[in-house]
Amino acid sequence: MKVMRLLSSLKHDESERGIFHLGRALVKNEHTSIIISSADEDNDLVRRLKRDGNHYHQLYMNKKSWLSLLQVAPLRRLIEKYDPDIIHVHSRTPAWILHLALRRARVKRRPKLVSTMYGFYPINKYSQALLDVDTIITVSDSVTDYLTKGLRREELDPRVIKRIYRGVDTRRYPYRHNPSVYWLRHTFAEYPELEHKKWLVFPTIIGKEYGQEWLIDILGNLQDQFPNIHVIIMDEDYRSDDVAHEDFRQRSNTLELSDRITYVGSKRNDMREWLSAANVVMALANQPESIGINALQAIHLGTPVIGWDQAAFSEILRPLYPQGLVKKYNANALCKAVRHQLESVTRPEMTTKFTIREMIDETIGVYKNLHEQALAEEKAAADALAVRRHKKVFGVHSDPIIPKKTAHKIKLVKDKSNTL
């Protein structure tokens, strides 16, 4: 089986897409894995893909760029070269380029198409290319419900939808992982205000949709009861021309809470250490989350997570850590949950759900089902062609034509047999 995957970028949320794990699994199972993206050939991620046995080609399919249309012909040539059985698109711009490339592609058999919806994309013309496929993979039940309602609202034909949760690599995020002494010493040297504090880690950047304003409610209500409470934000301490960032900084300064907040930057490769060292990880997005990968990683590390009871956070926490769910947008309930967690620590139990292994097995299962379906369709077409040729040679009826004299003799024999 030959599987081709099209991505705008390799750098965008690799942990959510399982790019490397899926490619490695395909190669290990003696399938051909072809990956097409905009990353340069000398990129570390590309070298990692090649080392695992993937075929890699660079095409600039940047999001919402008309220049991406220049890649239609090169993509068509790659499709004709590899003649893939499955083509999996991971975003909307590559999906449009794919549909244009397939129009005149000379292939033995049209490949089966798969797309993944990673979020609550608008059901409009731009998203149509993601929908015109054989199977749509959604990353949560929330996205599935949103997509189903959107298709019904736009009066579009129902699609084959398969929900496959994003998974965590349990080898990289083992249960009850502890940061190294070296990492802790280095962290305390860089941020001395964090030592001997209770960490509330906000594992995302500041933005109007991410809910950082709820941290001010927590600090304002709990600082007297917990003098050592401290918020850690995965963002830069200053970003120019960012209204949400400036508003948060001004509010925290006005309420004299800024000394309880530390910004550690967004471009870090030690997220695992921060999540495992945290007392609580906060999942406070104001808009419904489709994946919630940071909350999921924290749960697998055994770190308590407190988040709104909506969308992906509900789907993750309800089976794994229900005490972390809070009635959405309720400051009193949120502060109560944080207080309870700081007073009596209850960690999530070890789980085998939401793993990268499970995600890969289900994704390859989709590929195999579509490949078997294609083979069955090819066989049915070949059988139908054989029947048409047979009819063309022998006439409309398949029974052999009997000459009149022979037919008369057969009738006489029958008549004699009836007289005996």
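The values are calculated or read from the model by the stated rules, or taken from the named source; none is laboratory data. Source: prediction; values computed, not measured. In this analysis, Cβ positions are derived from the backbone assuming ideal geometry, glycine residues included, and neighbour counts consider all displayed protein chains. Note: accessible area is taken over every heavy atom of the protein model, side chains too, but ligands, DNA and RNA are not part of it. Shrake-Rupley method; radii C 1.70, N 1.55, O 1.52, S 1.80 Å.
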Taking amide H atoms as placed 1.01 Å from N in the peptide plane, list the residues 5 or more away in sequence, or in a different chain, whose amide H sits under 5 Å from that of VAL168.
THR355, ILE356
The chain: C-alpha pair distances exceeding 42 Å, %:
30
Measure off 7 Å from each Cα along the Cα-to-Cβ vector at ARG172 and LYS108, then give the distance between these two points in nanometres to one decimal.
3.6
DSSP loop (so not H, G, I, E, B), at most 12 other Cβ within 10 Å: list which chymotrypsin sites (Phe, Trp or Tyr not before Pro) in the range 197-240 pass both filters.
TYR238
Probe radius 1.4 Å, ligands and nucleic acids ignored: give me the carbon and sulfur share of the accessible area of the chain as a rounded percent.
51
Taking amide hydrogens as modeled 1.01 Å from N in the peptide plane, which residues meet the under 5 Å criterion relative to TYR321, leaving out close sequence neighbours?
none
Could you compute the FRET efficiency for GLU30 and LEU255, with r as their C-beta to C-beta distance and R0 at 41 Å, rounded to 0.05?
0.10
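Could you tell me the calculated FRET efficiency between SER180 and ALA384, based on Cβ-Cβ distance and R0 = 51 angstrom, to the nearest 0.05?
E between SER180 and ALA384, to the nearest 0.05, is 0.20.
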Give me the tail of P(r) for the range 186-237 as a percent: Cα-Cα pairs with distance above 16 Å.
46
Residues of the range 278-300 with amide N under 12 Å of the 7 Å Cα→Cβ point at LEU194:
278-279
In square nanometres, what is the average projected area of the Cα convex hull of the range 197-300?
6.6
Loop-only GluC sites (Glu not before Pro) in the range 222-296, please: DSSP not H, G, I, E or B, and at most 12 other Cβ atoms within 10 Å.
GLU256
Starting from 0.36 nm per residue, how many nanometres of slack lie between ALA73 and TYR238 once their C-alpha separation is accounted for?
55.0 nm
Starting from the amide H of THR204, placed 1.01 Å from N in the peptide plane, find each other amide H under 5 Å away whose residue is 5 or more places distant or on another chain.
MET234
In nm, to one decimal, how far is the modelled label at ASP247 from the one at ASN62, with both set 7 Å along Cα→Cβ?
3.0
Accessible area of the range 46-106 divided out per residue, in Å², using a probe of 1.4 angstrom:
54
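Quick one: net charge of ALA105's neighbours, Cβ under 10 Å, K/R +1, D/E -1?
On the way: positive: ARG76, ARG77, ARG103, ARG104, ARG106, ARG110; negative: GLU80, ASP83.
Around ALA105, the surrounding residues sum to +4.
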Exposed trypsin sites (Lys or Arg not before Pro) absent: longest stretch of the chain, with sites in DSSP loops and at most 11 other Cβ within 10 Å deemed exposed
269-420
Length-normalised contact order for the range 134-181 - Cα pairs under 8 Å, 6+ apart - percent
46
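In Å, what Kirkwood hydrodynamic radius results for the range 149-237 from the alpha-carbon pair distances?
On the way: mean 1/r = 0.0572 Å⁻¹.
Kirkwood radius, the range 149-237: 17.5 Å.
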Can you pull the Rg over Rh of the range 265-386, Cα-only, Kirkwood?
1.23
Using helices alone, I'd like the mean residue ellipticity at 222 nm for the chain: each DSSP H run of four-plus residues gives -39500 (n - 2.57), total over residue count, nearest 500.
-13500 deg cm²/dmol
